[in-house]
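Engineer: Okay, here's the structure, questions in a sec.
The values are calculated or read from the model by the stated rules, or taken from the named source; none is laboratory data. Keep in mind the model is a prediction, meaning the values are calculated, not measured. Ideal geometry is used to build each Cβ from the backbone, glycine not excepted, and the neighbour counts take in all protein chains shown.
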Amino acid sequence: MKTIGIIGGMGPLATADLYKKITVNTAADSDQQQIHIVIDSNTAIPDRTRAIIAGGEDPVAQMTASIKRLAQCGADFLIMPCNTAHYFYDRLCAVSPVPILNMLAATVAHIRDTFGPGKTVGLLATDGTIQSGIYDTYLKEAGMNVVKPATTQAKVMEFIYDGIKKNNLSIGIDGLMAAADEMQAMGADLFILGCTELSAATDYYNFDDRFVDPLLVLAKKSIVEAGAQVK
């Protein structure tokens, strides 16, 4: 089987969650049947949202360093547990000696194949992902509409940054659900958990089938790409 490399640290909890999702969804009867995975949890990678919308430090240099370390460790392909980081996807592919799977493209393909075309999708994500429009192109090419929070985006950011990133589960999920309710009123049929902290939150809060987890989609795609079978 191929070796998977994880460009991690964006954030550490999401990195651990992706590793767990790959492991628990791989059809394996022993340790030896699991996939070889190399992880570089590089917490020195600057904040992606700040880089995109607030003139913060460009994260590509640190991400490139992770790519090189993972390739040197024998990774056959790479994955990134960060939606916002895919804003830099083309730049990273240009410097990577091995392929990088695209979580956003895989997620939209999963939605198209599972729910069918013509759906309106609500996007729950960081300001960087929302304002950069990185999901919009994929969704529109797949024949789907996208809506975003109009008045409740601050509640989404609070849940991500003051809740999950700080391991503060007392924040509760009401603010995030308010954003989902707002987008449902705007016509959303389903929602993308478009930040990997939201993916990690699925271990602590109950989300129904309308909420699509890109990290789970990526985990399953990685299993198949590595040459194993999904459980």
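Engineer: Look through G55, G74 and report the one residue that is more than 28 Å from L123 (Cα to Cα) and either more than 16 Å from the chain's Cα centre (by Cα) or not assigned by TED's automatic domain parsing to the domain that holds A200 (or both).
Structural biologist: G74
Engineer: Pick from the stretch 140-190 the residues that are in a loop (DSSP other than H, G, I, E, B) and among the small types (G, A, S): which of them is surrounded by the most Cβ atoms within 10 Å (Cβ to Cβ)?
Structural biologist: Only one residue fits best here, namely A188.
Engineer: Does D213 fit the bill of being among the charged types (D, E, K, R) and touching a helix residue (DSSP H, G or I) at 6+ places or on another chain (Cβ under 8 Å)?
Structural biologist: Against the criterion (among the charged types (D, E, K, R) and touching a helix residue (DSSP H, G or I) at 6+ places or on another chain (Cβ under 8 Å)), D213 qualifies.
Engineer: Which condition breaks for T43 when tested against (1) in the same structural domain as T137 (by TED's automatic domain parsing); (2) surrounded by fewer than 16 Cβ atoms within 10 Å (Cβ to Cβ)?
Structural biologist: So the condition that T43 fails would be (1).
Engineer: Six or more apart or on different chains, Cβ under 7 Å: which pairs go from a residue in the stretch 104-122 that's part of a strand (DSSP E or B) to one that's of a type in the set (V, I, T) and at pLDDT 95 or above? Could you list them?
Structural biologist: From residues that are part of a strand (DSSP E or B), the pairs are T120/V147; V121/I111; V121/V146; V121/I192; G122/V147.
Engineer: Select from the stretch 52-68 the residues that are at pLDDT 95 or above, among the hydrophobic types (A, V, I, L, M, F, W, C) and out of contact with any Ser or Thr (no Cβ under 6 Å at 6 or more places or on another chain) and list them in ascending order.
Structural biologist: Within the stretch 52-68, V60, A61, M63, A65 qualify.
Engineer: Do the conditions hold for L92, that is, is it of a type outside the set (D, E), within 16 Å of K221 (Cα to Cα) and either touching a Lys or Arg at 6+ places or on another chain (Cβ under 8 Å) or modelled with pLDDT of 95 or more (or both)?
Structural biologist: no
Engineer: Would you mind telling me which numbered condition in (1) of a type in the set (D, E, K, R); (2) under 23 Å from L18 (Cβ atoms); (3) over 16 Å from the mean Cα position of the chain (by Cα) K140 fails?
Structural biologist: Going through (1) of a type in the set (D, E, K, R); (2) under 23 Å from L18 (Cβ atoms); (3) over 16 Å from the mean Cα position of the chain (by Cα) one by one, K140 breaks only (2).
Engineer: Another question, if that's okay. Do we have P97 as out of contact with any strand residue (DSSP E or B) (no Cβ under 6 Å at 6 or more places or on another chain), in contact (Cβ under 8 Å) with a residue 12 or more places away in the chain, under 22 Å from S66 (Cβ atoms) and surrounded by fewer than 17 Cβ atoms within 10 Å (Cβ to Cβ) here?
Structural biologist: yes
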